[in-house]
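In what follows, a single structure is set out as structure tokens and then discussed.
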Amino acid sequence: MDVIHTVKGLRERLSREPNNVFVPTMGNLHEGHLQLVENAKPRGACTVVSIFVNRMQFGPREDFDKYPRTLQQDCDKLAAIGCDLVFAPDEGEIYPEPQQYAVEPPEIQHILDGAVRPGHFRGVATVVLKLFNMVQPRAAIFGKKDYQQCIVLRNMVRQLALPIDIILADTVRASDGLALSSRNGYLTAAERAEAPALYQALSRAVAELKAGAKDFQRIELQQMAILAGRGWKPEYIAIRRAQDLGQPEAGDADLVVLGAARLGVTRLIDNIEWRLP
Ligand code: PAF
């Protein structure tokens, strides 16, 4: 497996690999990331993983500085599963000058996570477009745990006519239901034991939809109240149209129940897709 740190080196190496499949990450890789790589391997001749903690998508009071940087362990894990190439640039390589041009996603960037993290999806879309231009993949794979990010990036690729297939992979969960996330590492032992309660809240909301409940707002508020009662600070539980995260209207069958909540200092997000019969 090659580990490359410069755009020049990347372009030289990939000039021999037109059929590459790309998994962008911020590193600190867990089983969820490794599943994305496994998913990528049969889809192309070369599997490329980027590891870059992108300052532009973090707010000023967020965890950019403490976000775990574990490049050597990440490379060991990737080599063990047969990844072909790791692109691990430093900040100066991705942002050699102040980034004055940016991808400005539409209204979706201001709702849900975007309402709590202003500028986040602008930062994500901008770095992913830059990474796409550097790697020039035929396909790219993203995990559905970051559901809103998936929708923003899928729309960006469609609207900017990028010749890249976007593949969305299912969330990987621990045996107790907790969605795998690098931020789970911030949890204390007691918080880790409590953390599956977010998935349980989403599951109860889905169970209500299954049972035919139509009062979405009641379901959302009820599940937020349950989390708050257990000591969480819920930001939202939201039942939305899966395709664009708009408010569901009569006839919309493909839904997603999304949640974000803080447990201590750790912010967790999760979601479950549900198709109304
Ligand atoms: O999902 C992530 O890890 C990041 O948002 C991404 C897509 C690598 C962009 O920095």
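Could you please find all residues in the stretch 90-107 being buried (at least 17 other Cβ atoms within 10 Å of the Cβ) and more than 30 Å from Ala45 (Cβ to Cβ)? Reasoning before the result, please.
So in the stretch 90-107, the residues buried (at least 17 other Cβ atoms within 10 Å of the Cβ) come out as 93-94, 103, 105.
Within the stretch 90-107, just Pro105 meets the criteria.
With over 21 Å from Ala169 (Cα atoms) and without any contact (Cβ under 8 Å) to a residue 24 or more places away in the chain as the only criterion, which of Gln72, Gln57 stands out?
Numbers: Gln57 fails: without any contact (Cβ under 8 Å) to a residue 24 or more places away in the chain.
After ruling out the rest, the residue left standing is Gln72.
Looking at Ala193, Ala201, Ala211, which one is farther than 14 Å from Arg267 by Cβ, modelled with pLDDT of 95 or more and buried (at least 20 other Cβ atoms within 10 Å of the Cβ)? It would help to see each step written out before you state the result.
Working: Ala193 fails: buried (at least 20 other Cβ atoms within 10 Å of the Cβ); Ala211 fails: buried (at least 20 other Cβ atoms within 10 Å of the Cβ).
None of the other options fit; the residue is Ala201.
Being open to solvent by less than 20 Å² (accessible area, probe 1.4 Å), under 17 Å from Ile166 (Cα atoms) and part of a helix (DSSP H, G or I) is the filter here, so list the residues in the stretch 33-81 that pass it.
Leu36, Val37, Ala40, listed by residue number.
Being open to solvent by 40 Å² or more (accessible area, probe 1.4 Å) and without any contact (Cβ under 8 Å) to a residue 60 or more places away in the chain is the filter here, so list the residues in the stretch 171-190 that pass it.
Once the filter is applied, which keeps residues that are open to solvent by 40 Å² or more (accessible area, probe 1.4 Å) and without any contact (Cβ under 8 Å) to a residue 60 or more places away in the chain, the stretch 171-190 yields Arg173, Ser175, Asp176, Ala189, Ala190.
Considering each residue of the stretch 232-249, count those that are open to solvent by 30 Å² or more (accessible area, probe 1.4 Å) and hydrophobic (A, V, I, L, M, F, W, C), and give that number.
Selection size over the stretch 232-249: 0.
Rundown of residues vs (1) within 11 Å of the ligand (Cβ to nearest atom); (2) of a type outside the set (A, V, I, L, M); (3) farther than 19 Å from Thr47 by Cβ, yes/no style:
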{"position": "Asn155", "(1), (2), (3)": "no, yes, yes"}
{"position": "Asp170", "(1), (2), (3)": "no, yes, no"}
{"position": "Ser175", "(1), (2), (3)": "no, yes, yes"}
{"position": "Leu180", "(1), (2), (3)": "no, no, yes"}
{"position": "Gly185", "(1), (2), (3)": "no, yes, yes"}
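In the stretch 116-135, what residues are open to solvent by 30 Å² or more (accessible area, probe 1.4 Å), in contact (Cβ under 8 Å) with a residue 12 or more places away in the chain and either within 15 Å of the ligand (Cβ to nearest atom) or part of a helix (DSSP H, G or I) (or both)?
Once the filter is applied, which keeps residues that are open to solvent by 30 Å² or more (accessible area, probe 1.4 Å), in contact (Cβ under 8 Å) with a residue 12 or more places away in the chain and either within 15 Å of the ligand (Cβ to nearest atom) or part of a helix (DSSP H, G or I) (or both), the stretch 116-135 yields Val116, Gly119, Arg122, Leu129, Lys130.
If a residue must be in contact with a Cys (Cβ under 7 Å, 6 or more places away or on another chain) and under 17 Å from Leu153 (Cβ atoms), how many such residues does the stretch 1-53 contain?
Matching residues across the stretch 1-53 total 1.
Within the stretch 187-221, which residues are more than 22 Å from Asp176 (Cβ to Cβ) and out of contact with any strand residue (DSSP E or B) (no Cβ under 6 Å at 6 or more places or on another chain)?
Listed by number, the residues that qualify are Ala211, Gly212, Ala213, Lys214, Asp215, Gln217, Arg218, Ile219, Leu221.
Considering only the stretch 238-269, how many residues are among the small types (Gly, Ala, Ser) and assigned to a strand (DSSP E or B)? Spell out how you get there, then give the answer.
So the first thing to find is which residues in the stretch 238-269 are among the small types (Gly, Ala, Ser), and the list is 238, 242, 246, 250-251, 253, 259-261, 264.
Now narrow it down to the ones that are assigned to a strand (DSSP E or B): 238, 259-261.
Residues flagged as among the small types (Gly, Ala, Ser) and assigned to a strand (DSSP E or B) within the stretch 238-269 amount to 4.
The values are calculated or read from the model by the stated rules, or taken from the named source; none is laboratory data. Worth saying up front: this structure is predicted, and the values here are computed from it rather than measured. Glycine gets a Cβ as well: all are built from the backbone with ideal geometry, and neighbour counts include every protein chain shown. Surface areas here come from the heavy atoms of the whole protein model, side chains and all, with no ligands, DNA or RNA. Shrake-Rupley method; radii C 1.70, N 1.55, O 1.52, S 1.80 Å.
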